[in-house]
Each structure stands twice: as structure tokens, then as C-alpha cells.
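Contents: one structure, followed by commentary.
The values are calculated or read from the model by the stated rules, or taken from the named source; none is laboratory data. As the structure is a prediction and not an experimental result, all values here were calculated from the model. Heads up, the Cβs are rebuilt from the backbone with ideal geometry, glycines too, and the neighbour counts pull from every protein chain shown.
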């Protein structure tokens, strides 16, 4: 980067730094500590011999992996876990930079309850959509183990945020959400979402899904309605997903998205939208016979 030919546009530099700050904030939950992580990340970059830096094909990925590894090391410190427990009682009365303005207190506390490896696997995979190999490098586990860690984290987040609801209550809310999406009714859809609802969009780097989670009922409603905008070749209906009613979106003859909703009382607290074609492969493995009806309900369109 010392040569004039290695100069980088200022917009790219600021975007790169912001990305690293976001990674550190999500992994650590503290805006002020994220700054020191980013400083250490760049220190390690410039500590590399110049020929080694020149051989790194994607500096941004290297920097993100390094920042993630620094965060994971901090999360694994015993004194850090104790400090996180104490911080939960303080955070409710304080704001710590942009992260807590964006993410609900409930979600932050749920992330703090995860093990360091679970938190790292979940944040890097679900929040930032990093490649499985990159996540494995940061966490120091095999790709399959990292996938299992991320799944355990999702299960823990769901269990902490959602309250037990009857099957009938769950179905009613899911169908109401589906109908509001089908009608393009943003007001009705927002009323079905919790104030601090969070939506995760899993594109797996294979489709141009939203790269980061969306927070707040208005933003989530807008994101869902944009994703599910009317199209003659698209249909949506309810279907069993992981043992509970979810929404299945089809484009022509293919399942294009699977939507799971975590519900507390009358409101949706978390939305999980799977758009990754690899994860939808099982849904598309067997083609239906032409005369076999699709499982749709009153939300179909």
C-alpha cells in the first residue's frame, strides 16, 4: 500500500473500516471496544512484511478474518465472560454507540449468553454472510462443526426470545403475516411484529439478499414486502417447517424462500428467511406431478 499504484479510494477505505467496526461490535457487543479491535487489526496488517501483504489477494477478507479472530480471543478470556454478566445489568440504562441503537437489548443479552464459539459462528455466518471456510478459519473448527455451532446459536436465540404458544396461536399469527404480505399491507404487517423484531436473511452469498439483519417492526415489514413484491409467477403458502407452520415462497416451480417465524404471544419476535439455494435444495429435490396440488392457504397469490 506504500506505492502510488496501490492507492485506494477514500470511500473504499471508509467502507472497509466500517465493516470491521461492525464485525467487532456484533461479536463483542461494545462499541468502544470495537475501535481497539480495528486498531489492532490494522497494526497486524502493517506488521506483515511488504511482500507478504502483496500476496494477499483480498485484503478486506484478511482484515475481517483477523478482526474476527481478535474478537474471539477476547470473548474466550475468563474475565471477559464475568464482565459480560455484570454488563447486562448496566446496559439497560446506557447506550453504547450505534450497535445498541440498532439492536435490541433482548438480542444483545441473548448473544451474550452464547459461548464464544457459538457467537462467532453465528455472527460471521448469519450476520455477515462470510464463506464457510472463512468462518472455520476464524473459529478454529471444521466447517461442519461451525455450521453446528451456528445452528445451536440460532436455537438458543429462538428459545430466549420466543415464548411458548399453542399450535393454534402460532398458526393464526403465521397466516395473518402471510396474508398481510400477500396484500402488501404494511400497516397490518407491522402490527403483527414486535417493536424489537429482528429479521435474518440467509442468502449464503449465492443470491443478493440483505447482507445484515434488519431490526424494528417498520424496517422488517418494509424488507419483507420488498422481498415478496407481487409477481405473476410467485406464490406463497403455509407449510410445516421444522415442526411448526412457516411460509413457503415459490417462483414458478421452484421453492425460492422458506420463512420461519418465532412468536411470543400475538407478535413475531424473529424472522428467519432462507434464500440460500444450497439450503433449499432438499425442498426442490423432488418435482411435483402436474396434477398434485401445492400446499397453499389463504395467503397464496
Condition first: outside any helix (DSSP H, G or I), closer than 19 Å to residue 107 by Cβ and not assigned by TED's automatic domain parsing to the domain that holds residue 249. Can you find one or more residues in segment 147-161 that meet it? no
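Check segment 182-202 and report whether any residue there is within 14 Å of residue 273 (Cα to Cα) and modelled with pLDDT under 85. Before the answer, list the steps.
Our first condition is that a residue be within 14 Å of residue 273 (Cα to Cα); within segment 182-202, this holds for 197-202.
Narrowing further to those that are modelled with pLDDT under 85: none.
Among the residues of segment 182-202, not one is within 14 Å of residue 273 (Cα to Cα) and modelled with pLDDT under 85, which makes the answer no.
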Tell me yes or no: at least one residue of segment 153-168 is at pLDDT 90 or above and within 25 Å of residue 78 (Cα to Cα). yes
Tell me which of these residue 130 doesn't satisfy, since it passes every other one: (1) farther than 25 Å from residue 196 by Cβ; (2) part of a helix (DSSP H, G or I). (2)
